[in-house]
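Inspection log for the structure reproduced underneath, given as structure tokens.
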Amino acid sequence: MKENEAFLINSSYRTLELKPGADASQIRSAFRRLARVHHPDIAGAYNTKKYEQISNAYLLLKSLTIEELSICEARSKRSDNKKESFFDKWRRKQAEKKQTREASLREAREEAAATKEAREQAQSLRIDSILDKCVRETNIICKKKHNEKLNQDISDIIIRLLASRYEVRLMALRSISGYVNNLRIMEALLNMLKRYPITGEALDIINKLHLPPEYMQKIIRIVSDNAKNIDEQEILPFIRNVIFMIADNKNIISKLMEHPSLRITEFLISRWTFPALPNEIALKRIFSDIQNVKLIILTLNILKKNDKRAFPSWLSNKINELLTHDNVSVKLWARTVSSIGNMVK
């Protein structure tokens, strides 16, 4: 083995932090230990040269035979027993200085990298904080703008709902579908129905709005108070749509039955479930047209459940007249009513 080869082998041992004569398992363990510390993926790209030295040293020692390792160990022992020459001493010191410089540079690079990372992290946090603040402020501005627009839209709708022109009110009525839970708009809608004549077109729009039940009840009361002034064709579809909400409200049904339309009266009489009789106005209207067989029979069915002695004299007379009616069913129902209790003769 030549002198320069022995020197390279001893240098490789020193690079792997081993003593000459270490076996293959020790060499492999030392390489793995140092590789985990100096690998560029772990220590950074600036440590590539050190990792290359470790790898080259490992490859060199790994390629030696046991005999060559033994020779190198023996030479190393002899060399240790010899007095260190001036050149060897100078070379050793140079190597130590080099290692010291490399260590200092490595520490400086590591410190610089840590400082840079800390600075970048602090900068990133500041940027995130600024962005969060901007987002919050933007959301506040957008919400404020939205509320301002919403309030303006609501004010515009209220003005149009109470406008004198029917077409303007109708246009406003069609635009409130997205504001059915707004108290101001609902109050304006009620005021509109109280102030202006109620039309079938307006009632049709109201039916399709799906208003809150409490406001729908208020609208129904307003409509029932003004039922006599609304055309049959316009109010009847509305009554059919809301009957499930008023089926147990005798006062509202009685007011609606004051409408001169017998079709409306027939529709409401067919759903009369109260123990008391309909009001006298409705009864007089019903019996004014005794040829309306269906309505007469429906009313007689209600009368049958009441005390006949409480009937007014004109009603008793009407029932007696029905005993000779042309329709057999009417005669039978009239007989049933007149035979229960004492009728006024």
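The values are calculated or read from the model by the stated rules, or taken from the named source; none is laboratory data. As the structure is a prediction and not an experimental result, all values here were calculated from the model. With ideal geometry, Cβ positions are generated from the backbone for all residues, glycine too; neighbour counts draw on all protein chains shown.
What about Leu295, is it surrounded by 13 or more Cβ atoms within 10 Å (Cβ to Cβ) and more than 20 Å from Asn279 (Cα to Cα)?
no
Taking region 238-252, which residues are among the hydrophobic types (A, V, I, L, M, F, W, C), within 15 Å of Pro278 (Cβ to Cβ) and in a helix (DSSP H, G or I)?
Ile246, Ile252
Hey, any hits in region 257-280 for a residue that's farther than 20 Å from Val242 by Cα and β-branched (Val, Ile, Thr)?
So far as region 257-280 goes, no, none of its residues is farther than 20 Å from Val242 by Cα and β-branched (Val, Ile, Thr).
Looking at this structure, is Leu190 among the hydrophobic types (A, V, I, L, M, F, W, C), under 18 Å from Lys208 (Cα atoms), surrounded by 15 or more Cβ atoms within 10 Å (Cβ to Cβ) and more than 26 Å from the chain's Cα centre (by Cα)?
So Leu190 fits the description; yes.
Restricting to region 328-343, and then to whatever is of a type outside the set (A, V, I, L, M, F, W, C) and loosely packed, with under 13 Cβ neighbours inside 10 Å, can you tell me which residue is modelled with the lowest pLDDT?
For region 328-343, the residue satisfying everything is Asn342.
Could you list all residues from region 6-49 that are of a type in the set (Asp, Glu) and under 21 Å from Asp88 (Cα atoms)?
Passing the criteria: only Glu17.
Sort out which residues of region 251-284 are surrounded by 19 or more Cβ atoms within 10 Å (Cβ to Cβ) and under 20 Å from Lys318 (Cβ atoms), and write them in order of number.
Residues satisfying the conditions are Met257, Thr265, Leu268, Ile269, Trp272, Leu277, Pro278, Ala282, Leu283.
Quick check on region 1-21: of everything there that is modelled with pLDDT under 80 and out of contact with any helix residue (DSSP H, G or I) (no Cβ under 7 Å at 6 or more places or on another chain), which residue is farthest from Arg101 (Cα to Cα)?
Lys2
Would you mind finding the one in Ile290, Ile302 that is assigned to a helix (DSSP H, G or I) and either out of contact with any Cys (no Cβ under 9 Å at 6 or more places or on another chain) or surrounded by fewer than 19 Cβ atoms within 10 Å (Cβ to Cβ) (or both)?
Among Ile290, Ile302, only Ile302 is assigned to a helix (DSSP H, G or I) and either out of contact with any Cys (no Cβ under 9 Å at 6 or more places or on another chain) or surrounded by fewer than 19 Cβ atoms within 10 Å (Cβ to Cβ) (or both).
Conditions: (1) loosely packed, with under 14 Cβ neighbours inside 10 Å; (2) within 30 Å of the chain's Cα centre (by Cα). Ile206 meets all but one. Number of the miss?
Among (1) loosely packed, with under 14 Cβ neighbours inside 10 Å; (2) within 30 Å of the chain's Cα centre (by Cα), Ile206 violates only (1).
Contact list please: Cβ distance under 9 Å, first residue in region 279-293 and hydroxyl-bearing (Ser, Thr, Tyr), second residue part of a helix (DSSP H, G or I), pairs at least six apart or on different chains.
Ser288/Leu262
Give the residue that is farthest from the chain's Cα centre (by Cα), with candidates limited to residues of region 94-123 that are acidic (Asp, Glu) and surrounded by fewer than 11 Cβ atoms within 10 Å (Cβ to Cβ).
The extreme case among them is Glu96.
Of Ser55, Ser76, which residue is assigned to a helix (DSSP H, G or I) and modelled with pLDDT under 70?
Just a single option satisfies the conditions, and that option is Ser76.
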